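Some notes on the structure that comes next.
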Amino acid sequence: EKRFRDLQNQVLARYGVPASSQFYEISTPRLRLHIIESGHGEPVVFIHGGNSVAAGWIPLLARLHERFHLFAPDRPGCGLTTMFNYLHVSLRPHAVAFVGAVMEVLQLPRAAIVGNSMGGYFALAFALAHPERVSKLVLVGATAGSTPIPLANRLIGTRIINSALFASVLKPGPRAMRNGFENLLVADVSRVPG
């Protein structure tokens, strides 16, 4: 945890984002929740995608923290939020409950919600269940489940196979992240900071 926090703080400093890490105990689901908080103004909640963490939003937070009050939670089992067992969990009610718990603990009756990939699914599920609590909904890229799942993604989600992939060709690191951006996420990888 210390190493993760140190690295997150380095990225915040690199982008000049004055932020703090806040921790909250929530009951639905029951876990210790980590949220990056920055700025002042209208509230905006950022929900990251799968295989990611809240710190992935830092480059965008750098552009918005002077105009908005920004909250970027680590989803259950990601970053500094405690682990969560998704086995036998109905995803849509879980997504609604999680985003609702984030907003409750932050005492936000209404906020703009930004989500990408699985975070987009969480944001969309919450907005459909509670439209009165969402001032704006921004979906970055396709939400999880909105398109057929490619074979490579299904393999990543398969036990044992994913362990072998992440220990070899998909080994996490700066190069793998840059390749992911280049192949799936951006039109011009040269604009992604090193």
task = For region 90-110, name all the residues that are more than 17 Å from Ala54 (Cα to Cα), open to solvent by less than 50 Å² (accessible area, probe 1.4 Å) and not in a helix (DSSP H, G or I).
result = Leu108
inquiry  = For region 117-155, give me each residue that is modelled with pLDDT of 95 or more and not in a helix (DSSP H, G or I).
reply    = His130, Val134, Ser135, Lys136, Leu137, Val138
request  = Counting only residues that are touching a residue at least 12 places away in the same chain (Cβ under 8 Å) and hydroxyl-bearing (Ser, Thr, Tyr), give me the strands (runs of 3 or more DSSP E) lying completely in region 8-88 with at least 2 of them.
outcome  = 19-27
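The values are calculated or read from the model by the stated rules, or taken from the named source; none is laboratory data. Here the structure is a predicted model, which is why all the values come from computation and not from measurement. A quick note on method: Cβ atoms are made from the backbone with ideal geometry, for glycine too, and the neighbour counts reach across all protein chains shown. Areas reflect the complete protein model, heavy atoms only, side chains present, ligands, DNA and RNA absent. Shrake-Rupley method; radii C 1.70, N 1.55, O 1.52, S 1.80 Å.
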